[in-house]
Structure formats: C-alpha cells, structure tokens
1. Need pairs with beta-carbon distance below 6 Å; first residue of a type in the set (A, V, I, L, M) and within segment 136-156, second assigned to a strand (DSSP E or B) and surrounded by 13 or more Cβ atoms within 10 Å (Cβ to Cβ); sequence gap 6+ or separate chains.
2. What are the residues in segment 85-96 that are more than 14 Å from residue 61 (Cβ to Cβ), in a strand (DSSP E or B) and modelled with pLDDT of 95 or more, if any?
3. Looking only at segment 51-82, how many residues end up being hydrophobic (A, V, I, L, M, F, W, C), assigned to a loop (DSSP other than H, G, I, E, B) and either at pLDDT 95 or above or in contact with a helix residue (DSSP H, G or I) (Cβ under 9 Å, 6 or more places away or on another chain) (or both)?
4. For segment 99-159, which strands (runs of 3 or more DSSP E) that fit wholly inside it have 1 or more residues that are among the small types (Gly, Ala, Ser) and within 16 Å of residue 75 (Cβ to Cβ)?
5. Of all residues being more than 15 Å from the chain's Cα centre (by Cα) and surrounded by 13 or more Cβ atoms within 10 Å (Cβ to Cβ) in segment 51-69, which is nearest to residue 122 (Cα to Cα)? Just the residue, please.
6. Taking the condition of being under 11 Å from the mean Cα position of the chain (by Cα) and over 16 Å from residue 97 (Cβ atoms), how many residues in segment 130-147 meet it?
Amino acid sequence: MNILTYIQDKVAIRSCWKFIGVNKEGSHDKPKNYTSTKIMVMKKKVESAGTPHHDGSELFVSNIAPKVGEKVNLKVRIPKDYIFQEAYVRVYEDGEPRTYQLSKTQQLKNENWYQVSITIHNIHTIYRFVFIGDGKYEWLNASGLSDHDVHSNNDFQIVA
C-alpha cells in the first residue's frame, strides 16, 4: 500500500516527500542510500459533523499577552451535535499538569460556548482541552481534535 494513503495532512505529505523520494510527478523513486523504513502515522483528526474549536485569537483568549499572575479566560466553541459529558483544560503550572473544568457560558442556535479561567503562573504556558463522553475521550490541541493521547508539542501556548 502507498505510504501517501496513510497521510492525510498535505503539510505532512510535503515534508515527507524528501524522506521517501517522491518527485514532482508523484513517482516513488528511491533516493541514493535509501533504506527500507516504515512510517506509521496515527489518526489525528476525529471525523464528525461538527467538532470543538479553539485558537489563540482574542475571540477565544481574553488576554493574548498577559503578565505572570494575571487571569486569562479560555473559550471553546462546541457545535450542538458534538456529544460529551464533561470538558476540562489541562494546563502546565510550574512543570506540573493541572486540570480545570469548563462551564457553559452561552447557548446559541447551533453551538454552545464553554469557558474556563486560568491564572498564568509561567512565562510560557501550554494547555489543551479534553472532552469526556460515554466510553470516549478526545483531546483538542493546536493540531485539532484527536481520539488518542497526544504529546504536548502541539498544545496551545500563551507567552507572558
């Protein structure tokens, strides 16, 4: 099976072209000194009609340049067709992970807005959200929604 069928993200495909020797026409010529290597790519995105959304803009982060000690409100937009029971933010404070529960702050026709307030303890704060449902949990970080444990490399960031 073709390695490119495993990779859905176009950025990942472009970055892998050099590695696997794909030329501009798309053929798979082996580069010099090529050794057989298997690349396994985990499913990153959860397929759904609507998924939660958060980004670093002022719509979702109350203060994009806070000082250490200040509080910041983080918001998540969640479509009504996305089913979960609880939502939390996972924040690293002084190198230790902490979780805080989100609460519903606004109900609209097609979506709900959830919010949590965190205190900025470090110059560099990283965070991600988790949505827990019946027999499932899904993480939301800067790479999108994932149905498996994710690494902190792709967490959202606030720099004080």
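The values are calculated or read from the model by the stated rules, or taken from the named source; none is laboratory data. For clarity, every value in this text was computed on a predicted model and none was experimentally measured. No Cβ is skipped: glycine too gets one built from the backbone with ideal geometry, and neighbour counts run over all protein chains shown.
1. Partner pairs satisfying both residue conditions: 140/129; 142/156; 145/138; 150/139; 150/141.
2. As a first pass, look at segment 85-96 and keep what is more than 14 Å from residue 61 (Cβ to Cβ): 85-88, 90, 92-96.
Now restrict to residues that are in a strand (DSSP E or B): 86-88, 90, 92-93, 96.
Correct list: 86, 87, 88, 90.
3. Let us first name the residues in segment 51-82 that are hydrophobic (A, V, I, L, M, F, W, C), namely 59-61, 64-65, 68, 72, 74, 76, 78.
With assigned to a loop (DSSP other than H, G, I, E, B) added as a condition, the list becomes 59-60, 64-65, 68.
Filter again for either at pLDDT 95 or above or in contact with a helix residue (DSSP H, G or I) (Cβ under 9 Å, 6 or more places away or on another chain) (or both), leaving 59-60, 68.
The total comes to 3.
4. On the way: elements: 103-107, 111-119, 124-133, 136-141, 144-146, 156-159.
Per the criteria, 103-107, 111-119.
5. Ranking the qualifying residues of segment 51-69, first place goes to 66.
6. Of segment 130-147, the ones under 11 Å from the mean Cα position of the chain (by Cα) are 130, 138-147.
Then keep just the ones that are over 16 Å from residue 97 (Cβ atoms); that gives 138, 142-147.
Total meeting the criteria: 7.
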